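> Got a structure here, written out as structure tokens. Questions coming.
FYI, it's all coordinate maths here, none of it is from the lab. Values in this document were obtained by computation on a predicted structure and should not be read as measured data. Cβ: placed from backbone, ideal geometry, glycine included. Neighbour counts: every protein chain shown.
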Amino acid sequence: MKTLYLIRGIPGSGKSTLARQLANYVFEADDYFNKDGKYVFVPADIDKAHAECQRKVEAMMDIDGMGEDSTIAVSNTFTRLWEMQPYKDLAEKYGYTVFTILCQNDFGNVHGVPAGVVQRMKERIGKMEQPTNVKSKPSEKFPGTWEVWHSYDGGLSWTMVNGQSMKERME
């Protein structure tokens with residue numbers, strides 16, 4: 001199955017690390033700001049960074065011979081639902097199944113994002129999903145974890161909660 005992981009969360013939540021573990025190909029808007037091995041964030045270039053990330057993802061999806069086992073991860077903050085839509089549109093165009101993953105860890109902010117900005121991101125992510133009909137049970141497949149099902153915004157989500165991250169399958 002061709003798979004696209006959209007990995008979201010605040011800075012320092014483990015998005016990049018998880019993306020590298022899950023996918024053959026990883027793309028991030030932050031790559032735009034890595035110059036000669038140094039991260040140099042220029043706020044005025046954020047739109048360019050996201051446009052470049054989307055172009056790279058589409059170019060990878062468009063390559064002939066990627067195969068049915070192709071896995072691509074996009075690791076960005078995605079604090080607003082509309083930020084994921086261009087990638088969902090690409091997935092539909094190229095026949096990829098989309099999984100969204102919300103990282104909720106706190107490993108420390110390696111890019112020096114101010115605490116106030118990180119707090120606003122946390123608040124935006126928290127407002128995105130208002131789950132209802134929550135059901136949970138201990139996982140038989142993954143001992144020490146919980147399986148949680150909930151619905152929101154007319155969609156369904158399955159979440160494996162292990163105290164460090166959430167993985168959602170959007171229907």
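> Give me D for region 3-128 in µm² s⁻¹, whole number, from Stokes-Einstein with Rh from the Kirkwood sum over alpha-carbon pairs, 10 °C and 1.306 mPa s.
Answer from the Stokes-Einstein relation: 106 µm²/s.
> Quick one: which residues, 5 or more positions from Thr71 or on another chain, have an amide H under 5 Å from its amide H? H modelled 1.01 Å from N in the peptide plane, none for Pro or chain starts.
Thr3, Asn24, Tyr25
> What size of dipole, in debye to the nearest 20, comes out for region 3-128 about its Cα centre when the only charges are +1 on Lys and Arg C-beta atoms and -1 on Asp and Glu C-beta atoms?
Magnitude of the dipole: close to 560 debye.
> To check you understand DSSP bridge types, tell me what percent of the beta bridges within region 3-128 (both residues inside) are antiparallel, rounded to 5.
Here the antiparallel bridges make up roughly 10 percent for region 3-128.
> Counting only residues 5 or more places away or on other chains, whose amide H sits under 5 Å from the amide H of Ser13 once H atoms are built in the peptide plane?
Residues meeting the amide H criterion: Phe107.
> Enter the per residue convex hull volume of region 45-103, computed from alpha-carbon coordinates, in Å³ rounded to the nearest integer.
Taking the convex hull of the Cα positions in region 45-103, it is 83 Å³ per residue.
> Please name whichever of Val117, Val40, Tyr94 sits farthest to the positive end of the charge dipole of region 1-131, dipole taken about the Cα centre and charges placed at Cβ: Lys and Arg +1, Asp and Glu -1.
Checked the options; the winner is Val117.
> Would you grab the residues whose amide H sits under 5 Å from the one on Val98? Only those 5+ places off in sequence or on another chain, please, with H modelled 1.01 Å from N.
Amide H to amide H, under 5 Å and 5 or more residues apart or across chains, Val98 pairs with Leu4.
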